[in-house]
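The values are calculated or read from the model by the stated rules, or taken from the named source; none is laboratory data. None of the values given here were measured: they were computed from a predicted structure. Note that each Cβ is placed from the backbone with ideal geometry, even for glycine, and that neighbours are counted across all protein chains shown. Just so you know, the surface numbers come from the protein's heavy atoms only, side chains and all, with ligands and any DNA or RNA stripped out. Shrake-Rupley method; radii C 1.70, N 1.55, O 1.52, S 1.80 Å.
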Amino acid sequence: VLDPVLGMLAEQFGEAASSRPGRQYVLDDAYFRRIDAIHYVLAHDDGQAHAGISEADVVLVGVSRSSKTPTSFYLANRGIKAANVPLVPGIDTPPELEAPHCPVIGLTLDAPALIEIRSHRLRMLAAAATTAAARQDSGDYVDPEAVKAELLWARRLCTRRGWPVIDVTRRSIEETAATVLQLMDAWHEHRRRQQGG
């Protein structure tokens, strides 16, 4: 069916078509690195499998709904193993983050944007709930004062630990990931300088 079209294209470009289906999917090291990274992100999403944090290339931390998961998956598509850990007041961060072997980067956003995202999430959950018992109570999750306090607590935690913070309020996932990659490079460069003297 495509022979006439391929013939015209070959004639137009002066290049013969090669009959190698699936050529855009090269099974090379980069492909397998991406697949490994995606499996890693799935296993270490939202604080799961703390023991595996030692295998991460980067750890993203932040309050609930701060774009940690989509950013992690975007990075995995680039072959980066990104663990993400939620920051929850009153719950300790994993001990692996006390002296991290890789960059730890905080993600934050402004309170109104976070409240809007969380409110939308609650509406989606409520619409999907089949019983009144299954409906989630919003509590402090979307209370403006509680959200502001939670964001302030998370930012202070990152500052105390020396973790850089990216404000994702007006950033796309791609922009956030690009900044994560820059911060990773800076972290590794700083570490090389420290080890090199």
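So the values come out like this:
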| quantity | calculated |
| --- | --- |
| Sole exception among (1) within 16 Å of Leu60 (Cβ to Cβ); (2) surrounded by 13 or more Cβ atoms within 10 Å (Cβ to Cβ) for Gln182, by number | (2) |
| Some residue of the range 86-99 being within 30 Å of Ala30 (Cα to Cα), open to solvent by less than 10 Å² (accessible area, probe 1.4 Å) and at pLDDT 95 or above | no |
| Set Leu60, Leu107, Leu97: member being in contact (Cβ under 8 Å) with a residue 60 or more places away in the chain, over 14 Å from the mean Cα position of the chain (by Cα) and under 23 Å from Leu181 (Cβ atoms) | Leu97 |
| Where Arg78 falls short, out of the listed (1) open to solvent by 70 Å² or more (accessible area, probe 1.4 Å); (2) at pLDDT below 95 | (2) |
| Some residue of the range 44-66 being touching a Lys or Arg at 6+ places or on another chain (Cβ under 8 Å) and among the hydroxyl-bearing types (Ser, Thr, Tyr) | yes |
| Residues of the range 74-94 that turn out to be over 11 Å from the mean Cα position of the chain (by Cα) and without any contact (Cβ under 8 Å) to a residue 40 or more places away in the chain, as a count | 4 |
| Subset of the range 117-164 (residues that are open to solvent by 90 Å² or more (accessible area, probe 1.4 Å) and modelled with pLDDT of 95 or more) | Glu145, Lys148, Arg155, Arg156, Thr159, Arg160 |
